[in-house]
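As structure tokens, the structure follows; a few thoughts come after it.
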Amino acid sequence: MSDHNNPRYVAADTGPAFWGPGDRYTFLVTGAQSDGTYFILEALVPPGGGPPPHIHRREHESFYLLDGIVSLTVAGRTIRASKGDFAHIPRGTVHTFRNEGETMARMLVVFSPAGMEKYMEEVFEPVGDRSAAPPPVTEVLIARMVAGAEKHGVEFIK
């Protein structure tokens, strides 16, 4: 059942959360709650964390940095983003980010249209203990990410 017509409130640290490649992603609004128009998550990225270079074939992706410092590489250009900075990445654009700081980076990430949450639910592990450090990136995780990529319109760049 879809709940896209209902207002939504998510208290801090209560939304469904998944361990990405070294990061923690907490779902705030999914496609089921936005009539498929967008998916919003909070990303907690430890120093050195961030995904490999990739392309989203179906979604635009936007980042708003709430805390910390990340290097954001978009279409071959790298910028150093800090608190309050915003970036929009059109679908089909190669991009990645990495926490270059010494403290946790926190970002609000928006995908439009929704759908990327299905990829994350399929390939990432649910977070059981929100106070735990992110688990190490393993070959098993990388294999799941690659295996699910095409189905969800993601392409990893070597």
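Sort 129, 23 so that the residue with the fewest other Cβ atoms within 10 Å of its own Cβ comes first and the one with the most comes last.
Numbers: 129 6, 23 22.
With the sparsest Cβ surroundings first, the list reads 129, 23.
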Out of 70, 46, 135 - ranked by how far each Cα lies towards the positive end of the dipole of the chain, with unit charges on the beta-carbon of charged residues - the top one is 70
Can you compute the helix-only [θ] at 222 nm over the chain? Use -39500 (n - 2.57) per DSSP H run of at least 4 residues, normalise by all residues, nearest 500 deg cm²/dmol. -3500 deg cm²/dmol
In whole angstrom, the spacing between the Cα centers of region 74-150 and region 36-51 equals 5
Ranked highest first by average number of other Cβ atoms within 10 Å, how do 75-86, 59-70 line up? 59-70, 75-86
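Could you list 151, 118 so that the one with the fewest beta carbons within 10 Å of its beta carbon is first and the one with the most is last? List each step's numbers first, then the result.
Details: 151 11, 118 15.
Sorted ascending by nearby Cβ count, the order is 151, 118.
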Could you work out the local net charge near residue 122, counting Lys and Arg as +1, Asp and Glu as -1, over the other residues with Cβ closer than 14 Å to its Cβ? -1
How large is ³J(HN,Hα), in whole Hz, for each residue of region 134-151 in order, when computed from phi with the Karplus curve 6.51 cos²θ - 1.76 cosθ + 1.60 and θ = phi - 60°, using x for Gly and Pro? x, x, x, 6, 10, 4, 5, 4, 4, 4, 5, 4, 5, 5, x, 4, 4, 4
Residue exposure sequence - 150, 139 - by fewest surrounding Cβ within 10 Å: 139, 150
Only one of the listed values, (1) 14.7, 43; (2) 19.4, 68; (3) 17.8, 56, was derived from the coordinates as Rg and Dmax of the Cα atoms in Å; which label is it? (1)
Whole-Hz Karplus ³J(HN,Hα) for region 90-99, in order, using 6.51 cos²θ - 1.76 cosθ + 1.60 and θ = phi - 60°, x for Gly and Pro? x, 3, x, 9, 5, 7, 7, 9, 8, 6
Take every Cα pair under 8 Å in the chain that's 6+ residues apart, average their separations, divide by the length, and report that relative contact order as a whole percent. 29
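All of the numbers you see were taken from the coordinates with simple rules; none came from a lab. Treat the numbers as computed from the prediction; the structure is a model and nothing was measured. All Cβ positions, glycine included, derive from the backbone under ideal geometry; neighbour counts span all protein chains shown.
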